[in-house]
Structures are given as C-alpha cells and as structure tokens.
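Below is one structure; the comments refer to it alone.
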Amino acid sequence: MGIAIMMEHPLPGKGGRHRQTISYGQSPNLSLLPREALAREISDARAIYRRQGLYTPQIRRSLQQVIHSNKLAWLGVFEKGVNS
C-alpha cells in the first residue's frame with residue numbers, strides 16, 4: 001500500500017511527465033530514508049511543473065496533500081529522526 005503521485009500526461013501515449021521523473025525506469029533507492037525518498041519525489045515533481053510553467057497553487061496544494069496522506073497512512077514513518 002502506498003500513496004502515489006499521479007502526473008497527468010499532456011499528450012496521451014507519449015509518456016508525458018512520468019518519463020521526466022528521476023525515478024522513472026529505476027529501481028528504488030533503498031539507501032534513502034522514507035522521509036528523504038518522499039522529499040526527493042515531491043521536489044522532482046515540483047521541478048517538472050516549474051520547468052513547464054505549470055506550478056500553480058493547485059499543484060502546490062496537491063503535492064502537499066500527497067505528503068499529508070503519506071504521513072497519515074504511515075504514522076511516524078516520515079517524522080524527522082525516524083530510522084536515522
């Protein structure tokens with residue numbers, strides 16, 4: 001179970017923003033702490049939207065909701081100092 005970031009594709013069938021992410025086609029980096037991995041993915045999504053001139057308050061709120069949802073689903077896992 002997990003909370004995913006869903007990034008819409010500007011052109012169906014072209015791979016869109018998903019292929020632009022740093023994690024696309026990569027095995028997960030298991031050396032990262034959960035908090036670090038979440039921060040990295042959120043930062044990556046934010047950078048993609050900024051590069052495309054699409055980083056709006058709605059996108060910002062949606063990314064904050066992903067963080068919040070993960071924290072609620074996995075109580076304590078994303079807190080500072082956990083697993084460090």
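A few notes on this one:
- Selection count, the stretch 44-61, where residues are open to solvent by less than 40 Å² (accessible area, probe 1.4 Å) and over 16 Å from the mean Cα position of the chain (by Cα): 0
- Sub-8 Å Cβ pairs linking a first residue in the stretch 51-77 that is free of Cβ contacts under 8 Å to residues at least 12 places away in the same chain and closer than 9 Å to I3 by Cβ to a second residue that is open to solvent by 60 Å² or more (accessible area, probe 1.4 Å) and assigned to a helix (DSSP H, G or I), at least 6 apart or interchain, number zero.
- Among the residues of the stretch 25-38, those identified as open to solvent by 60 Å² or more (accessible area, probe 1.4 Å) and either within 14 Å of A4 (Cα to Cα) or not in a helix (DSSP H, G or I) (or both) are G25, Q26, S27, P28, N29, L30, S31.
The values are calculated or read from the model by the stated rules, or taken from the named source; none is laboratory data. Fair warning: this is a prediction, and the values are worked out from it, not measured in the lab. As a convention, Cβ positions derive from the backbone with ideal geometry for all residues, glycine included, and neighbour counts pool all protein chains shown. Surface accessibility is based on the protein's heavy atoms, side chains included, excluding ligands, DNA and RNA. Shrake-Rupley method; radii C 1.70, N 1.55, O 1.52, S 1.80 Å.
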